[in-house]
Amino acid sequence: MRSSKMTRKRWFLSALIVISVVLGTSLFFSGFGREELVLYDADTKEVYASWPVDEGFRFWVEFVHSVNKTPVKDEFEIRNGDIHAYKTTYSSLGAGVQTELREGESLSYDEEGNMVITGFNMTFDRLNIIVGTVSDHILGVDGLEFSLTELCGKNTAVVFEVR
């Protein structure tokens, strides 16, 4: 009887060890090599924030154009480890905003009458932005919004990069 209990205990312990090793290994490798969108200071390289990303992950930056004085929202998508321009939305034409479509781009209008341009053929290994001094840049990522002025400081040169 005692030998049977010992055998079950050993079998149970062995099974627990195997399960732990398998789960631990799969948990380790599931995060291994996962890319992140990293926001950092262009000068000091200080990292302000990072988010895990998969292919097709999207984020956006919205700001009031310094010359045009109207909101512009630039949306980006992660493709093949790079940042791809996905969509731009703005409400009026004027200095500093796109007035002509390039090959492959299309113009439509959203529910509020804003112009929406898609079909960009622009890819960035790093996206550089200088945080506004007059108006803020708002970052949208993972369903959340962040003030880049609060996160990084006014007039800070920041970089978005996939690592």
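Side notes on the structure shown:
- Between Thr133 and Glu111, the simple label model (points 7 Å from Cα in the Cβ direction) yields a spacing of 3.8 nm.
- The alpha-carbon of Lys69 sits under 13 angstrom from the alpha-carbons of these aspartates and glutamates, leaving out residues fewer than 8 places away in its chain: Asp136.
- In terms of Cα atoms, the Rg and Dmax of the stretch 35-163 work out to 14.6, 42 Å.
- Area accessible to solvent at Tyr109, 1.4 Å probe radius, in Å²: 140 Å²
- Across q = 0.12 Å⁻¹, the stretch 87-163 modelled as identical point scatterers on its alpha-carbon atoms has Debye log10 I(q)/I(0) values of -0.46, in the order of the q list.
- Filtered trypsin sites (Lys or Arg not before Pro), the stretch 81-130: DSSP coil and at most 16 other beta carbons within 10 Å: Arg102
- Across the stretch 50-73, no residue has a backbone nitrogen under 12 Å from the label position 7 Å along the beta-carbon direction of Lys154.
- In a DSSP loop and with at most 14 other Cβ atoms within 10 Å, the GluC sites (Glu not before Pro) in the stretch 109-152 are Glu111, Glu112.
- Residues Ile138, Ile129 ordered from highest to lowest accessible area at a 1.4 Å probe: Ile138, Ile129.
The values are calculated or read from the model by the stated rules, or taken from the named source; none is laboratory data. Everything numeric in this text was worked out from a predicted model, so none of it was measured. Here Cβ is always computed from backbone atoms with ideal geometry, including for glycine, and neighbour counts include all displayed protein chains. The area values use the complete protein model at the heavy-atom level, side chains included, leaving out ligands, DNA and RNA. Shrake-Rupley method; radii C 1.70, N 1.55, O 1.52, S 1.80 Å.
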